[in-house]
Protein chains: 2
Amino acid sequence: MKIAVDVMGGDLGVQEIVAGAAMITKKSDIKVILVGNITEINQALLQLVYNPAHLEVVPAETFITQDDKPKEALQSKARNSIALAAQLVVEKKADAMVSAGNTGAVILAAARQFNRLVGVRRTALAAVYPTEQKHGPKGDPFALMLDVGATLHVNAYDLATFAVMGAAYARVISSNTSPKVALLSNGREASKGAPEVVEAHRILSQNSAINFMGNVEGLDIPRGTADVIVCEGFLGNVALKMLEGVSEVAADLAKDAYTQKFLWRLGLTMLSKGLHQLRTKMDWKQYGGAPILGFDQVVIKAHGRSNARAIRNAIKVAAKAVRGGLTDQIREGVSSLNTEGT
Amino acid sequence: MKIAVDVMGGDLGVQEIVAGAAMITKKSDIKVILVGNITEINQALLQLVYNPAHLEVVPAETFITQDDKPKEALQSKARNSIALAAQLVVEKKADAMVSAGNTGAVILAAARQFNRLVGVRRTALAAVYPTEQKHGPKGDPFALMLDVGATLHVNAYDLATFAVMGAAYARVISSNTSPKVALLSNGREASKGAPEVVEAHRILSQNSAINFMGNVEGLDIPRGTADVIVCEGFLGNVALKMLEGVSEVAADLAKDAYTQKFLWRLGLTMLSKGLHQLRTKMDWKQYGGAPILGFDQVVIKAHGRSNARAIRNAIKVAAKAVRGGLTDQIREGVSSLNTEGT
């Protein structure tokens with residue numbers, strides 16, 4: 001099991017990403033291929049403990065920044081670290097790729113270098129987010145939402161495909177054998193929502209391979225009523241960012257309370273253990289990154305702000321997806337959709 | 001100043017709504033016309049102190065429930081309390097209407113009995129919601145979002161009209177002379193979002209009557225970066241319900257903490273004053289209800305769960321909207337849009 005890791009585009013620098021990859025080499029049988037600036041990688045490795053038998057380096061001459069325009073950057077920056085990591089996967093030198101870089105560039109590189117699975121018209125970016133209710137046999141306090149990739153104009157079949165892909169991911173990664181899948185709409189009734197949502201509801205109701213619970217509303221996102229929530233990318237993007245905003249606001253309020261009032265401060269000190277749990281739960285970006293689903297290869301997009309631990313988790317998730325046969329599961333699900341549903 | 005109040009459809013019953021209206025008659029020059037079942041109204045009034053010179057009753061034979069289908073109910077239930085309240089406004093016996101009843105029925109009754117203002121192609125349901133940042137000269141901890149009415153397929157001109165209507169409402173109700181208006185999108189740049197959002201950005205950038213700050217993202221909803229956020233109704237509906245969900249989850253967590261752990265309990269008792277503030281802020285439904293904007297009359301939809309205080313606030317807001325010339329301000333704004341913008 002080898003994972004190609006783009007070490008360049010993360011907000012916290014090469015050191016942090018290399019550190020996450022180094023952790024993995026010590027404590028698992030997963031091997032990593034670090035892709036990026038060779039000088040920076042070597043400098044980072046000097047300060048780290050790692051298993052050299054589990055670590056390779058592939059030098060990339062250029063890299064794409066978070067501010068680069070994906071299309072132009074992929075064109076002008078030949079042999080950039082994202083494209084090279086994808087190439088290692090295509091050439092079967094790696095089993096999957098992980099990048100904390102420019103999201104648009106990762107998606108576009110995957111679209112150019114990988115194939116979409118048969119029957120997948122649109123790929124989707126999925127994200128885990130914290131919920132009140134627990135999920136799956138391990139009681140994860142996280143659910144999955146897709147598409148959150150800001151794409152527009154999905155049709156009913158695309159939404160049904162997202163449902164299949166999200167269910168497959170929850171099965172493989174959360175060991176949830178029958179994840180509850182829901183469509184995000186403005187009401188529970190089958191008739192609620194845009195025409196494509198209503199039609200997707202019909203398709204999914206007829207599909208026996210998916211545990212489809214029907215429509216859920218905005219309320220259900222933080223509650224965690226569903227294990228997998230399916231929606232158009234524009235809506236999912238706004239909803240996910242809103243959730244980040246709410247957690248930031250809560251953190252700000254807690255900080256204010258710390259500095260402002262003595263009684264609050266006293267109360268909060270006593271609460272600090274609980275608050276720490278809450279904050280850890282809110283800082284959900286450390287939990288394994290966001291898969292880009294629908295390609296014939298496994299691609300995990302780690303958050304730009306990922307620290308070493310988050311990168312280690314993303315690499316683990318990538319390996320788990322490969323081992324669990326994620327792409328095959330999606331392939332089968334999509335095929336059942338085409339036989340039974342539409 | 002007379003406000004027609006539908007006393008029937010609220011979740012807490014006739015007593016609660018009549019109580020809210022009774023409050024107003026004692027402490028202001030606003031007169032109310034209670035529309036609904038005469039027996040229930042009289043029974044409610046027996047237990048209340050009110051100023052009879054400021055209170056009339058108009059009997060309605062039927063009423064529409066929260067579960068009724070709006071179109072069919074308006075057809076089959078002649079002289080229902082919502083339609084009658086609207087009729088009082090049309091006949092100039094009342095200056096505005098307030099209802100806590102079935103949202104769809106209120107919107108549909110308004111659409112049938114009132115006129116859309118010239119230049120308004122789509123009316124919008126607006127809602128106030130709590131934010132971290134304060135707004136306007138009074139430092140309101142609330143911003144306005146519209147459309148939240150779950151309607152689909154708006155065009156750029158509709159979004160621009162929503163911006164005009166939301167700005168007018170913030171000016172009149174929050175005394176905010178130059179409210180910051182933003183479009184909800186998946187990025188700050190003018191090029192981000194659906195084609196209608198991109199085009200609305202262009203129209204609003206050219207309009208001198210609106211303090212247009214550009215696009216905001218999901219993150220900005222809880223932060224409160226803008227005073228008025230404009231979006232398609234489906235997106236607004238999901239976002240608003242999600243915010244309700246987050247506040248419910250936070251309340252649940254607090255309740256859990258109360259019952260579970262001694263240290264938490266101790267800390268929370270000390271924090272209780274602060275928590276009470278937070279909870280009050282979260283229970284923002286008591287703040288004046290949701291205006292339906294774009295008609296030639298003022299219509300305020302109070303939340304179904306409104307208590308007496310919430311109803312009193314909704315009546316006050318309706319009176320303020322009439323006095324502040326809300327419909328004229330919208331008319332002017334829309335006309336500037338047609339001259340300058342499109």
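Results, tabulated for the structure shown:
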{"item": "Pairs where the first residue, in region B:180-194, is within 11 Å of chain A (Cβ to nearest Cβ) and the second is among the aliphatic types (A, V, I, L, M), C-beta under 6 Å, 6+ apart", "result": "B:L184/B:I229; B:S185/B:V197; B:N186/A:A150; B:A194/A:L152"}
{"item": "Residue in region A:277-286 that is closer than 30 Å to A:S81 by Cα, part of a helix (DSSP H, G or I), more than 8 Å from chain B (Cβ to nearest Cβ) and at pLDDT 90 or above present", "result": "no"}
{"item": "Criterion (buried (at least 24 other Cβ atoms within 10 Å of the Cβ), over 15 Å from B:I292 (Cα atoms) and either among the hydroxyl-bearing types (S, T, Y) or modelled with pLDDT under 95 (or both)) met by exactly one of B:A143, B:A127", "result": "B:A143"}
{"item": "Any chance A:A83 is small (G, A, S) and crowded, with 16+ Cβ neighbours inside 10 Å", "result": "yes"}
{"item": "Restricting region B:197-225 to residues that are assigned to a loop (DSSP other than H, G, I, E, B) and within 13 Å of chain A (Cβ to nearest Cβ), the residue that is surrounded by the most Cβ atoms within 10 Å (Cβ to Cβ)", "result": "B:G218"}
{"item": "Residue that is surrounded by the most Cβ atoms within 10 Å (Cβ to Cβ), among those in region B:1-27 that are among the charged types (D, E, K, R) and either modelled with pLDDT under 95 or part of a helix (DSSP H, G or I) (or both)", "result": "B:E16"}
{"item": "Complete set of residues in region A:61-99 that are within 18 Å of A:A302 (Cα to Cα) and hydroxyl-bearing (S, T, Y)", "result": "A:T65, A:S81, A:S99"}
{"item": "Which listed residue, of B:A318, B:A254, B:A250, B:A308, is modelled with pLDDT of 55 or more and buried (at least 23 other Cβ atoms within 10 Å of the Cβ)", "result": "B:A318"}
{"item": "Checklist (1) closer than 20 Å to A:A110 by Cα; (2) within 14 Å of chain B (Cβ to nearest Cβ); (3) in contact with a Cys (Cβ under 9 Å, 6 or more places away or on another chain) applied to A:G149, failing item", "result": "(3)"}
{"item": "Identity of the residue in region A:130-139, surrounded by fewer than 22 Cβ atoms within 10 Å (Cβ to Cβ) and in contact with a Lys or Arg (Cβ under 8 Å, 6 or more places away or on another chain), that ends up nearest to A:N211 (Cα to Cα)", "result": "A:Q133"}
{"item": "Residue that is touching a residue at least 24 places away in the same chain (Cβ under 8 Å) and under 13 Å from A:G233 (Cα atoms), where the choices are A:G136, A:G166, A:G149", "result": "A:G149"}
{"item": "Given (1) assigned to a strand (DSSP E or B); (2) crowded, with 24+ Cβ neighbours inside 10 Å, index of the condition A:A168 fails", "result": "(1)"}
{"item": "Index of the failed condition, A:A194 passing every other in (1) among the aliphatic types (A, V, I, L, M); (2) in contact with a Cys (Cβ under 8 Å, 6 or more places away or on another chain); (3) at pLDDT below 95", "result": "(2)"}
{"item": "Selection status of A:K192, buried (at least 20 other Cβ atoms within 10 Å of the Cβ) and among the basic types (K, R)", "result": "no"}
{"item": "Index of the failed condition, B:V148 passing every other in (1) surrounded by fewer than 24 Cβ atoms within 10 Å (Cβ to Cβ); (2) part of a loop (DSSP other than H, G, I, E, B)", "result": "(1)"}
{"item": "Helices (runs of 4 or more DSSP H) fully within region B:38-119 counting 1 or more residues that are in contact (Cβ under 8 Å) with a residue 40 or more places away in the chain", "result": "B:81-90, B:103-113"}
{"item": "Neighbours by Cβ (under 6 Å, 6+ apart or cross-chain): first from region B:226-244, facing another protein chain (nearest Cβ under 7 Å); second acidic (D, E)", "result": "B:K241/A:E217"}
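The values are calculated or read from the model by the stated rules, or taken from the named source; none is laboratory data. All values derive from a computational prediction rather than experimental measurement. Methodologically, a virtual Cβ is constructed for each residue, glycine included, from the backbone with ideal geometry; neighbour enumeration extends over all protein chains shown.
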